[in-house]
Amino acid sequence: MAAARDSAQFGQKAERTNVGPHTLNQFEADIRRIVTTYPNRPVSPTFLEVLELRNRAFELIEGRQFPNQSRDLYLIAGTLCGILANASFDLGYLDAAETQARTAYLCAELAASNWLRVWIRGMQCLIAYWDDRFADAIDLASSVRDLTPESGSAAIRLACIEARAHARLQNAEGTDAALQRAEATRDEVRRDDEFGGMLAFPLAKQLLYVSTCSVWLADEHRYRGARERAAEAIALYEQAPSQERWLGELCLARLDLASARLGLDELDGAVEELRTVMSTAARRRTDSVRRRMRQVSFQLERPRFQTTALAQSVREEITQFCAASTTPTLPGGATS
């Protein structure tokens, strides 16, 4: 009877949980709202909101819940860390972004979620790519290539990021193979992304990545392809509902179009795109737009543009724009 009482007491403790359906549903609703609005909101206030949610998820994980609820909480915490990684990246804190991504990947493992594993690997690839560690980006992409996400477009995103890394290394064969893999994967997707919004990889963004690859491979044929794909991406973003008209991606597509036009000696058209970006990006400054703007400005330093007053003028405008796009600081002592 004493042994039975001990078992009964254990059962009473085991059936207690600090997490109910309402709590999990609220987390999911908050994540959907955040990832939907993230692309068109200033990054800093979004970062602080996500940080608060992540801390709440961590607190709940340290309590008592059923195993399936723990998996749900790890998925939520991993997703929130992934968003913080993206926000840290957008704010220019690449080291902090990598730390967030490592924790997010651990949470994805504990949640046994392939879509989150692949999405976070894509985030790590993206950080390595913008940190000029292109071989690392390719290795990271290869490490989860055999995983099949339960839903969504994370594998398409991963292949496209890998393609850009190959393009930076001037590996046209690797670039084309990764892009073909991305296209084939899109045909195989049968379910929407878990939360959508910034966690999804729509066709417009895929076209943007194709244009970026063509720009970096840099011959006349590739420049013409980049001009077409970037224009298609811009058209898709501009035709989309306002909440899906992602400002950062739209700016990057315009920068690809400007770069392609400079490669084809279409200076006037390139300057028009650059000035549009400087006007648009002032509403939502991100580090990747600033870095890409500097990359395009290097093309204006080529001999054929150095004696052109228009090229000199827009180079000065780019310098001023990039100087004003310094890394933001977060209020209230928040860290990433």
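The values are calculated or read from the model by the stated rules, or taken from the named source; none is laboratory data. In this text the structure is predicted, and so the values were computed from the model without any measurement. Ideal geometry is used to build each Cβ from the backbone, glycine not excepted, and the neighbour counts take in all protein chains shown.
Miscellaneous remarks
- Any hit, the stretch 148-163, residues being surrounded by fewer than 16 Cβ atoms within 10 Å (Cβ to Cβ), under 27 Å from ALA77 (Cα atoms) and of a type outside the set (D, E, K, R): yes
- Checked against (1) under 21 Å from GLY196 (Cα atoms); (2) surrounded by fewer than 24 Cβ atoms within 10 Å (Cβ to Cβ), ALA253 meets all criteria but (2).
- Among the residues making up the stretch 258-314, those that are polar (S, T, N, Q) and under 23 Å from GLY248 (Cβ atoms) are SER259, THR276, SER279, THR280, THR286, SER288, GLN295, SER297, GLN299.
- Within the stretch 45-61, the presence of a residue that is on the phi < 0 side of the Ramachandran plot, outside any helix (DSSP H, G or I) and modelled with pLDDT under 95 is excluded.
- For the stretch 57-69, taking the residues that are farther than 16 Å from PHE195 by Cβ and either touching a residue at least 24 places away in the same chain (Cβ under 8 Å) or touching a Ser or Thr at 6+ places or on another chain (Cβ under 9 Å) (or both), the one that is surrounded by the most Cβ atoms within 10 Å (Cβ to Cβ) is identified as LEU60.
- Single match in ALA128, ALA137, ALA111 (criterion: under 30 Å from ARG190 (Cα atoms), in contact with a Cys (Cβ under 6 Å, 6 or more places away or on another chain) and of a type outside the set (Ser, Thr, Tyr)): ALA137
- Qualifying residue in the stretch 180-195 (condition: under 23 Å from ARG291 (Cα atoms) and of a type in the set (Gly, Ala, Ser)): no
- Residues of the stretch 198-230 classified as touching a helix residue (DSSP H, G or I) at 6+ places or on another chain (Cβ under 6 Å) and over 22 Å from THR36 (Cα atoms), total: 15
- Tally of residues being more than 27 Å from PHE134 (Cα to Cα) and modelled with pLDDT of 95 or more across the stretch 195-235: 1
- Counting the residues of the stretch 234-251 that are farther than 24 Å from ARG32 by Cα and in contact (Cβ under 8 Å) with a residue 12 or more places away in the chain gives 1.
- Members of the stretch 219-233 that are touching a Ser or Thr at 6+ places or on another chain (Cβ under 9 Å) and either touching a residue at least 60 places away in the same chain (Cβ under 8 Å) or among the charged types (D, E, K, R) (or both): ARG222, ARG224, ARG227, GLU228, ARG229, GLU232
So that you can scan it fast, the table gives a plain yes or no per residue for (1) over 18 Å from the mean Cα position of the chain (by Cα); (2) hydrophobic (A, V, I, L, M, F, W, C):
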position	(1), (2)
PRO149	no, no
ALA163	no, yes
GLN180	yes, no
ARG190	yes, no
ALA204	no, yes
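- Enumeration of residues in the stretch 122-151 that are of a type outside the set (Ser, Thr, Tyr), over 19 Å from GLU249 (Cα atoms) and part of a loop (DSSP other than H, G, I, E, B): ASP132, ARG133, VAL144, ARG145, ASP146, LEU147, PRO149, GLU150
- In the stretch 175-194 there is at least one residue that is touching a Leu at 6+ places or on another chain (Cβ under 9 Å), more than 23 Å from GLY82 (Cβ to Cβ), touching a residue at least 24 places away in the same chain (Cβ under 8 Å) and buried (at least 16 other Cβ atoms within 10 Å of the Cβ).
- Cβ-Cβ under 8 Å pairs, at least 6 apart or on other chains, the stretch 25-41 side assigned to a loop (DSSP other than H, G, I, E, B), far side of a type in the set (Asp, Glu): none
- Filter result for THR280 (surrounded by fewer than 18 Cβ atoms within 10 Å (Cβ to Cβ), of a type in the set (S, T, N, Q) and over 29 Å from SER44 (Cα atoms)): no
- Selection of the stretch 262-272 for residues being surrounded by fewer than 24 Cβ atoms within 10 Å (Cβ to Cβ) and either farther than 20 Å from HIS221 by Cβ or not acidic (Asp, Glu) (or both) yields GLY263, LEU264, LEU267, ASP268, GLY269, VAL271, GLU272.
- Options LEU116, LEU84, LEU91; residue that is within 18 Å of the chain's Cα centre (by Cα), within 18 Å of MET198 (Cβ to Cβ), crowded, with 18+ Cβ neighbours inside 10 Å and modelled with pLDDT under 95: LEU91
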